[in-house]
1. I'm trying to understand the selection: among the residues of the stretch 433-459, which are free of Cβ contacts under 8 Å to residues at least 60 places away in the same chain and within 24 Å of residue 407 (Cβ to Cβ)?
2. Among the candidates 162, 143, which residue alone is under 16 Å from the mean Cα position of the chain (by Cα) and modelled with pLDDT of 85 or more?
3. So the check is Cβ under 7 Å with 6+ separation or different chains; which pairs have a first residue in the stretch 238-264 that's under 24 Å from residue 222 (Cα atoms) and at pLDDT below 90 and a second one that's outside any helix (DSSP H, G or I) and not aromatic (Phe, Trp, Tyr)?
4. Does residue 284 fit the bill of being over 17 Å from residue 147 (Cβ atoms), in a strand (DSSP E or B), touching a residue at least 12 places away in the same chain (Cβ under 8 Å) and of a type in the set (S, T, N, Q)?
5. Would you check if there is a residue in the stretch 3-14 being without any contact (Cβ under 8 Å) to a residue 24 or more places away in the chain and within 21 Å of the chain's Cα centre (by Cα)?
6. Within the stretch 38-61, take every residue that is at pLDDT below 90 and part of a helix (DSSP H, G or I) and give me the one that is surrounded by the most Cβ atoms within 10 Å (Cβ to Cβ).
7. Has the stretch 317-329 got at least one residue that is modelled with pLDDT under 90 and β-branched (Val, Ile, Thr)?
8. Considering only the stretch 337-366, state which residues are polar (S, T, N, Q), within 16 Å of residue 16 (Cα to Cα) and crowded, with 18+ Cβ neighbours inside 10 Å.
Amino acid sequence: MSKKPSIPKGTRDFNPEEVSRRNYIFSTIKETFSLYGFQPIETPSFENSETLMGKYGEEGDRLIFKILNSGDFLSKVDENLYAEKDSSKITSSISEKALRYDLTVPFARYVVQHQNEITFPFKRYQIQPVWRADRPQKGRFREFFQCDADVVGSTSLWQEVEFVQLYDAVFSKLGLKGVTIKINNRKILSGIAETIGAEDKLIDFTVALDKLDKIGEEGVKKEMREKGISEDALQKLQPLFSFKGSNEERLNSLKGMLQASETGMKGVEELEFIIDNIETLGLQMASLQIDVTLARGLNYYTGAIFEVSAPSEVNMGSIGGGGRYDDLTGIFGLKDMSGVGISFGLDRIYLVLEELNLFPETVSENSKALFINFGEREALYAMQAITSLRKAGIKAELYPDATKMGKQMGYADKRNIPFAVLAGEKEMESGLFTLKNMKSGEQHELNLNGLLQALQADK
């Protein structure tokens, strides 16, 4: 007995309905990216190992899928090295390529490699799968899509303003109300650390502060104490633990707290520019909120930091995020190339739309009509009509076998095809078609033009 086939852990099959719904999200994001002037690029699914390794820290390197060299990959390995059986030492000898871990590092490589062909500022979007050898769990996969947009070659804060608008535009098109776009600035976090005398513990301080929602005030203070942050510093931090009010009130609180820090005040100034202009321009459905605990990717971001929260009625983590970075391409030798970028969490957005029942019923790749097969002559008559319908952009198909009508109708029902078309001997003699609504059972005899109009009218 043959073994039942399976797929690798952390990967998924998608049925037709799931693919249709995912494509609906993809197309909404793509259309909005294009509307805002972003251009699509694509990079290979795998890169040279040297491009990826060392760019994501020790843990990232461990999670990168390595690709074995083709042919007899062991033949070039030094025998003494092989005898040590140390996989970390032998990897570079047997693997020169790896699956991409994210879209950001390949994008940086792309910009450096094609810098003489690119017109700066360069606005790019990229929607492609990435791979991580992570431990699979709910909402975390080893193969998943990233939907990124970036602008490189400009320090203008109008880019941040546009990204807030872009987030709002996408979620509005998806009908997703109650989304919160949280915003902070790396300079503010540096300024706070400076103000409390903990510049040397910036990472420890922000990592702990970032957990405020999860472990509460006392939990954060406990973690900070363990990292060597003094009681005096914690006292100065107290206003952050009750940081409430409107964005204007929060900005005023930050100005008071950070007045002695030039870096911190610069961050407040940048934040104020974005907030003020968004208030003037307005948002459709989303809201913009200052969150001083937001610290994602601290080693990476240098200015604005974004994180998007799903509506409060859905228990879900962030559904998007991003920020400003001053030296993306520096890892490949092209210095002082500032950029800002955001990403959409496709899988989480899908789950949110599903939970809130926000997918339109029209999001389907199903045929609009199934023509019942009564035999060879009737099938040809049906195919002529189907050809005309397809030219008009209507999805239609013929059941391939002249089998029992009940079986054919059952097929249409199981596939959620809304209409069945009967074209038997009687219909052929009169040049008509019988259109049956599969839900109501209602039937109408129509000529080809009438059939076309009826199917076009049904949305």
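1. Within the stretch 433-459, 433, 434, 436, 437, 438, 439, 440, 441, 442, 443, 444, 445 qualify.
2. 143
3. Pairs found: 240/292; 243/292.
4. Answer is no for this residue.
5. yes
6. 61
7. Within the stretch 317-329, one or more residues are modelled with pLDDT under 90 and β-branched (Val, Ile, Thr).
8. Within the stretch 337-366, just 364 meets the criteria.
The values are calculated or read from the model by the stated rules, or taken from the named source; none is laboratory data. The shown structure was predicted, so the numbers you read here are calculated from the model rather than taken from an experiment. Cβ atoms come from the backbone with ideal geometry, glycine included; neighbour counts cover every protein chain shown.
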